[in-house]
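S.K.: Submitted below is the structure of interest, expressed as structure tokens.
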Amino acid sequence: ATHCSVLPASRNRMSAGSAPCSTKVKRVFITGGTHGNEACGVVLAKHFIKTPQLFAGFSFEVSVLLTNVASIASNSRYVDEDMNRCFLQKDLSDPTRTSTLEARRAKELNDVLGPKGSADAADLIIDLHNTTADT
């Protein structure tokens, strides 16, 4: 069986291990800012963007991007609607579903990350979040 490891061999001391998988991982995206008021994901994504050498030596391509830049700028969860609700295949493929900033941005991101369901789609997307709720 093929095994997927997140860390290159030289960094395995940090790895929790590897898991069997049926396909080789080629494209990984790390995203932050889906909810603009979740600062941890935004700060970490910006750090990764500034330090791409952190991902040198991986057996796959790693890309980092900020998702909902308008909500990041306004430090709000979203501008018009929760971006997490904009990635259904039916919405992404509906050319009339463009009434909100997040719906339009989801379509842009889908072009970069995929498109969803295509052979070119990302193998893994790690969307960084944190809670803003009192616990």
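S.K.: If Lys and Arg each add +1 and Asp and Glu each add -1, what is the summed charge of the other residues whose beta carbon sits under 14 Å from the beta carbon of residue 96?
M.R.: Net local charge, residue 96 excluded: +2.
S.K.: Net charge near residue 26, counting Lys/Arg +1 and Asp/Glu -1 over other residues with Cβ under 12 Å of its Cβ?
M.R.: Taking every Cβ under 12 Å from that of residue 26, the sum is -1.
S.K.: Ok, one more. Taking the alpha-carbon centroid of each part, what is the distance from segment 75-95 to segment 107-135 in angstrom?
M.R.: 11
S.K.: Net charge around residue 84, counting only other residues with Cβ within less than 11 Å of its Cβ (Lys, Arg = +1; Asp, Glu = -1)?
M.R.: -2
S.K.: Can I ask one more? Calculate, in nm to one decimal, what residue 88 and residue 123 gain on full extension: separation in residues at 0.36 nm each, minus their alpha carbon distance.
M.R.: Net length gain for the segment: 10.9 nm.
Each value in this text was obtained by applying a stated rule to the coordinates, not by laboratory testing. In this text, all values refer to a predicted model and were calculated from it rather than measured experimentally. Glycine gets a Cβ as well: all are built from the backbone with ideal geometry, and neighbour counts include every protein chain shown.
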